[in-house]
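Derivation of every value follows stated rules applied to the coordinates shown; laboratory data play no part. Please read all numbers here as calculations on a predicted model, not as lab measurements. Positions of Cβ are backbone-derived with ideal geometry, glycine not excepted, and every protein chain shown enters the neighbour counts.
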Amino acid sequence: MIVVLTGGTGGAKFVDGLRQVVAARDLTIIVNTGDDLEWWGLHVSPDLDSITYALAGLLSKERGWGVKGDTFFCLQAMKTLGQPIWFNVGDRDLAVHITRTQLLKSGKTLNEATAEIAGQFGVQSRILPMSDQRVDTRVDTPIGELSFQEYFVQRWYQDPVNSVRFAGVENSRPAPGVIDAIQSASVVLLAPSNPVTSIGPILAVPGIREALRQTPATVVAVSPIVGGAAVSGPAGAMMAAQGWPVSVGGVAEAYHDFLDVLVVDHRDAAAAGELQKAGYRVHCASTIMTTPEDKVALAHEVLSLLSSETTATSDSI
Ligand code: GDP
């Protein structure tokens, strides 16, 4: 079983590649829910949705989120009614939020609701929220503390970041199946997702980090930092706020206690050499996923690295 820890946009591209080279039933995806929000009275789980759409082959490639070809009639109608519209919700996307909210209201857990929605989309891989309990990523900025979506979507991540916290995480538990998946995996992959606000909340759920330290599976992370900067989004500012360098070294630091192999871009070959001297196992690859072919190639590369992993590190730099 291949287990992936992921957030939304970067992670969804990676998962989109993996699904094309791995049998669906061999894939379990553990997803960040720290970005979840209540929007128009509905429970929205942006990262769960991105992964569901990616696995169903429905993710919008242009936007990197939402359903491809979606329309936005409801959003426009809500604007006419004077409702907030800063969080973009497409019409088909909305149907998922309504369904999830109904399932939760009927007493289902987030884990159960996620499985039911994924099943309706014909997804055969397992999608697990990191936790059934609510965990809220909160971003402290000079204008005060913001929810993740206020910081990210409403304010375009323009505010300087003082710190990040995961409200409620101390009372959360891994969703059923999460620990077992990590412990029984043949490999655990950390997608090129924001180490602070996408992977960070997953690692903060009590028991998950411990399971990663203890699993006999090889743990491989793909760096979201390329050439000393985030490929997209606020990962750089977030990492700096945590006191980590904005570099592949910073990514290694974030995962140092359980990481076996770090996959970095060819552009970071020099920094990778330094990391290797410091004792890390590092592999250089083309990690920028612009085209569908790039995604598939990266998935192949990461998986082939694993088959050669036990025999040699000669293809590592
Ligand atoms: P979010 O929930 O939408 O923030 O999604 P993620 O955390 O999964 O994705 C954002 C992260 O993915 C950012 O840190 C980006 O630097 C990284 N990222 C996006 N596209 C790529 C890519 O093509 N290659 C790599 N290596 N990283 C990427």
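Spin-label pair Lys79-Glu116: with each label point 7 Å from Cα along the Cα-Cβ axis, the two points sit 3.3 nm from one another.
A viscosity of 1.567 mPa s and a temperature of 4 °C, combined with the Kirkwood radius over Cα pairs in Stokes-Einstein, give a translational diffusion coefficient for segment 108-179 of 92 µm²/s. Under the rule a/c < 1.5 gives rounded, and otherwise a/b versus b/c splits prolate from oblate, where does segment 199-239 land using the Cα gyration tensor? Oblate. Share of pairwise Cα-Cα distances greater than 24 Å in the chain is 51 percent (whole percent). Per-residue ellipticity at 222 nm computed for the chain from its helices equals -10500 deg cm²/dmol, with DSSP H segments shorter than 4 residues left out and the rest contributing -39,500 (n - 2.57).
Distant-in-sequence amide contacts of Leu190, defined by a placed amide H-H separation under 5 Å and a gap of 5 or more residues or a different chain, comprise Leu5, Val220, Ala221, Val222. For segment 166-286, the square roots a ≥ b ≥ c of the C-alpha gyration tensor eigenvalues yield an a/c of 1.5 or more together with a/b not exceeding b/c, which makes the shape oblate.
Seen through its C-alpha gyration tensor, with square-root eigenvalues sorted a ≥ b ≥ c, segment 139-236 comes out oblate because a/c lies at 1.5 or above while a/b is not bigger than b/c. Would you be so kind as to identify all helices of the chain, as entire DSSP H runs, whose Cα atoms reach 18 Å or more along the helix's own axis and whose mean Kyte-Doolittle hydropathy is at least -1.0? Span-like helices here: 91-105, 292-309. Relative to one another, the C-alpha centroids of segment 103-126 and segment 87-101 are positioned 14 Å apart.
Between segment 178-254 and segment 43-78, how many Å separate their Cα centres? With segment 178-254 and segment 43-78 each reduced to a Cα centre, they are spaced 24 Å. Scoring 205-214, 223-232 by mean Cβ neighbours within 10 Å over their residues and listing the highest first yields 223-232, 205-214. Taking 17 Å as the straight-line reach from the Cα of Lys13, the aspartates and glutamates in range (excluding those fewer than 8 positions away in the same chain) are Asp47, Asp49, Glu62, Asp265, Glu293, Asp294, Glu301.
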